[in-house]
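Have a look at the structure below, then the notes.
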Amino acid sequence: MKDSNPDLDDSINVSEAHGHIVREAAATVREKRIADNGREPVSLGVVVACGVATLFAGGILSAGGGLFNYSSTFRENYVRAAPKDGEGSGPAPKSALEVFIAKGAKQYTAKCNGCHGADGRGDGANYPPLAGSKRVTGPSEALSLVILNGMQGPASDGKTYGAGVMPAQGAGMSPEDLAGLMTYVRNSFGNSTGDITTPEMAKAAIELSAKRENAGQACTSSEVESKNQKPLPGEPLDPKMMIDPITFAPAPAAP
């Protein structure tokens, strides 16, 4: 029978020949990579030349205290002049009541919102309302001691809420924090005493709290009703006075 593959040499190892061809093709690819037009790699010589040129230019610019000389670029004791239009001179003054309420709102969110609610109305079962509370809008000394030490027993409406104990909130509270918080709750949620608890008054409250006979314990209704029904000592602040919202200092009069 005639061979169907007359040109095929039976002595050829097909597997070995195929492997040889594959290796040659791979070597060819490595030696003759074809780069896309415009994306050829930058030669090492070009990189070195650019680096030398950059160093040379930098030496010329900095020679003799030129471009990079600090003392010639920045003047000693330089103070930027205030802009003529008043911009950049700090936050605009606001009324004292507005400033204290804004500060107190942050304290309320951090310390009171979780129990008394964003609207100050409590939940009717565990937490009493601050809205319309006689203890909130009444004499400031009583309110300050309740905030600093907590409260045990019925609220000002005569009702006992939850466990009947409000935890103390005075830990870490500065006079400015207490002043802002008291001003906020006395002038929010429909409450409108229109007055400001100043940092001076709040400082007096903190000192008074430390001198209580049962310092460290929660206040009771009978205690604040019999001993603290008076305003905190201190010079009143006009709610309409314009003050700096950062420092609380009175704003200078307009020229």
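Here each label is just a point 7 Å from Cα along the line to Cβ, and for Asp244 and Glu213 those points are 4.5 nm apart.
Sparsely packed loop sites in segment 160-255 (the trypsin sites (Lys or Arg not before Pro) outside DSSP H, G, I, E and B with at most 10 other Cβ atoms within 10 Å) comprise Lys211, Lys240. Which entries of Lys111/Lys240; Lys159/Lys211; Lys203/Lys227; Lys211/Lys240; Lys106/Lys159 have Cα-Cα distances beyond 23 Å here? Those over the limit are Lys111/Lys240; Lys159/Lys211; Lys211/Lys240; Lys106/Lys159. Legend: calculated FRET efficiency, Ile206 to Lys106, from the Cβ-Cβ distance at R0 = 22 Å, rounded to 0.05, equals 0.70.
Among the GluC sites (Glu not before Pro) found in segment 189-255, those both in a DSSP coil and sparsely packed, with 10 or fewer other Cβ atoms within 10 Å of their Cβ, are Glu213.
We did not get these values from a lab; they are worked out from the coordinates using the rules stated. Remember, predicted model here, so these are calculated numbers, not experimental data. Note that each Cβ is placed from the backbone with ideal geometry, even for glycine, and that neighbours are counted across all protein chains shown.
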